[in-house]
Amino acid sequence: DRFRREGVSNLSHDLRSPLTATAACLETLQGRWRGDAARAEELGLVEVALRNTRNAARLVQSLGDLARLDEPSFELRRAPVDAGELLDDIALRFADRAERQGVGLGVDHAPGDEPPFAALNIELFERAVANLLDNALKFCPPGANVTLSARVEGDWLRIGVADSGPGIAAADLPHLFDRFYQARHSVAPATGEGGKGLGLAIVKRIAELHGGMVQVDSRPGEGTRVQITLPRDLPEVRREAG
């Protein structure tokens, strides 16, 4: 298992540079030929190649990230943060994309609720929620809505990503967080880490590292709700804060 992790990590590292260089060359050609009617056919091929190169680069990055997160020596560093504010930041990052797709995107801040403070690794928490939001937007048609939420229930923080999209078949639900499993093939093409079955696997691993879990509730035609449940505080965090 250690050999596998090291091999994947080294391969991911070695592939990033040539993929980055390839994307840069394609972007240069795209810039030169844009607006040139005589190069319209070549430009179309360049755009396809660039899209696939970027997807490959994201996949390679995700493979390396999973290998790093699987390392027994990986240390999860947490800090007390307001999860609601983090959700606002993530929603802002995706706002333009949602608007272009005609999908409503918002954060549900229930009045009177206890502020959703928790001890989190901010970078990984944002990665997990962004992966879920990216996945929801891939499958939501125009006119659908995606809502983020953060609620405190005792010692637990519950993060929700709910959409009014097409839902997920019952046969796919038990396998959604399996690595390289691809659900909803007929709804959208495989793109980036999500389309290759790594985006949700990363979400699951991040939740596990925090001592939490992920659950999905979905039915075809009735939308999907994914909930990440995380402990709000841990003894080692309290000791570090003290």
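Every number in this text was worked out from the coordinates using simple rules, so none of it is lab data. Since the structure is predicted, the reported quantities are computational estimates derived from the model, not experimental observations. Glycine gets a Cβ as well: all are built from the backbone with ideal geometry, and neighbour counts include every protein chain shown.
Could you please report the charge total around residue 49, scoring K, R as +1 and D, E as -1 over all other residues with beta-carbon less than 11 angstrom from its beta-carbon?
On the way: positive: 51, 54; negative: 27, 42, 47.
Within the 11 Å Cβ shell, the charges total -1.
Based solely on C-alpha atoms, express the radius of gyration and the Dmax of region 100-187 in angstrom.
Radius of gyration, then largest Cα-Cα span, for region 100-187: 14.8, 42 Å.
7 Å from Cα along Cα→Cβ at both residue 71 and residue 28: what's the point-to-point distance in nm?
Spacing of the two 7 Å Cα→Cβ label points: 3.4 nm.
So if each residue of separation counts as 0.36 nm, and I subtract the Cα-Cα distance between residue 52 and residue 93, what length gain in nm does that give?
Values: separation 41, 0.36 × 41 = 14.76 nm, distance 2.28 nm.
Taking residue 52 through residue 93 to full extension adds about 12.5 nm, to one decimal.
Please identify the GluC sites (Glu not before Pro) of region 37-109 that satisfy two criteria: DSSP loop assignment and at most 14 other Cβ atoms within 10 Å. Which are they? Kindly include the intermediate steps, with their values, before the conclusion.
On the way: sites: 41, 42, 47, 75, 85, 99; in loops: 75.
Sparse-neighbourhood loop GluC sites (Glu not before Pro): 75.
On a full-extension model of 0.36 nm per residue, what is the gain between residue 113 and residue 45, subtracting their alpha-carbon distance, rounded to one decimal in nm? Mind dumping the intermediate values first?
Values: separation 68, 0.36 × 68 = 24.48 nm, distance 5.21 nm.
Stretched fully, the residue 113-residue 45 segment lengthens by 19.3 nm.
Given points 7 Å out from each Cα along the Cα-Cβ axis, report the residue 217 to residue 233 separation in nanometres with one decimal.
Reported label-point gap for residue 217 and residue 233 is 2.8 nm.
Can you tell me how region 1-125 classifies by the Cα gyration tensor, rounded, prolate or oblate, using a/c under 1.5 as the rounded cut? Write out the running numbers ahead of the final one.
Numbers: a/c = 3.88, a/b = 1.32, b/c = 2.94.
Oblate is the answer for region 1-125, as a/c is 1.5 or above yet b/c matches or exceeds a/b.
Could you list which residues have their amide H under 5 Å from that of residue 144, counting only those 5 or more apart in sequence or on another chain, with H placed in the peptide plane?
So residue 144 has HN proximity to 104.
Which ³J(HN,Hα) values, rounded to whole Hz and listed in residue order, are derived for region 228-233 from phi using the Karplus coefficients 6.51, -1.76 and 1.60 in 6.51 cos²θ - 1.76 cosθ + 1.60 with θ = phi - 60°, glycine and proline given as x?
9, 10, 10, x, 6, 8
Name the long-range amide H neighbours of residue 232: under 5 Å, sequence gap of 5 or more, or other chain; modelled H, no Pro or chain starts.
Residues meeting the criterion, in which the H sits 1.01 Å from N, are 156, 157.
Could you tell me whether region 21-72 comes out rounded, prolate or oblate from its Cα gyration tensor? Rule is a ≥ b ≥ c as square roots of the eigenvalues, rounded for a/c under 1.5, then prolate if a/b exceeds b/c, otherwise oblate. Let's see the in-between values first.
Details: a/c = 6.40, a/b = 3.84, b/c = 1.66.
The shape class here is prolate.
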